[in-house]
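Engineer: Please see the structure below; I have some questions.
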Amino acid sequence: MEYLGAGIGLIILIIVLNLLIGGFFLFLGASVAGIEKKSFGKSILGYFVSAIIVGIIVFIFTLLFFFLPLLGVLIGLLVGVLIAAAILKGIFDTSFGKAFVALLMAWIFSVLASFLISMAFGLSLYSTLGL
């Protein structure tokens, strides 16, 4: 029974760290995009909402286009990103273009950070990409 509590605590810790790190990357993306009304709190909220929305949209489009596996995921990802940018537009009270750039830059920063962390631990690009 004690392991269950530790497992739940670890899951909560991972969720909180994911929100903080994702929010940080979105804050950096908002800075690069030139969003004036950015804050770390808005970035965490934007990351949380956009991650859920993109995940749900990709899931729905994957189900709808199950007969075209890759195309369904790509269409879902595109629609999800556009909806997430529209949500970020409202959260940051900015233009759609700046919200889209912030989202794109957040993803680029997270991929770059993942690559650098992998390299710091001695993993190659080959093993990082799972090839």
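Engineer: Identify all residues within the range 62-117 that are more than 13 Å from Tyr47 (Cα to Cα), in contact (Cβ under 8 Å) with a residue 24 or more places away in the chain and among the aromatic types (Phe, Trp, Tyr); write none if there are none.
Structural biologist: The answer is Phe109, and nothing else.
Engineer: Tell me, please, whether a residue that is free of Cβ contacts under 8 Å to residues at least 12 places away in the same chain and of a type in the set (D, E, K, R) can be found in the range 2-23.
Structural biologist: Yes, that holds for at least one residue.
Engineer: All but one of (1) crowded, with 16+ Cβ neighbours inside 10 Å; (2) modelled with pLDDT of 85 or more hold for Gly97, so report the exception by its number.
Structural biologist: (1)
Engineer: Moving on to the next point. Taking the conditions exactly as written (more than 20 Å from the chain's Cα centre (by Cα) and either closer than 19 Å to Phe96 by Cα or buried (at least 19 other Cβ atoms within 10 Å of the Cβ) (or both)), does Glu36 satisfy them or not?
Structural biologist: In short, yes.
Engineer: Right, here's the next one. Got at least one residue in the range 115-123 being among the hydroxyl-bearing types (Ser, Thr, Tyr) and modelled with pLDDT of 80 or more?
Structural biologist: Among the residues of the range 115-123, not one is among the hydroxyl-bearing types (Ser, Thr, Tyr) and modelled with pLDDT of 80 or more, which makes the answer no.
Engineer: Can you find even one residue in the range 2-11 that is charged (D, E, K, R) and in contact with a helix residue (DSSP H, G or I) (Cβ under 6 Å, 6 or more places away or on another chain)?
Structural biologist: No, the range 2-11 contains no residue that is charged (D, E, K, R) and in contact with a helix residue (DSSP H, G or I) (Cβ under 6 Å, 6 or more places away or on another chain).
The values are calculated or read from the model by the stated rules, or taken from the named source; none is laboratory data. Treat the numbers as computed from the prediction; the structure is a model and nothing was measured. Every residue, glycine as well, gets a Cβ built from its backbone with ideal geometry; the counts of neighbours run over all protein chains shown.
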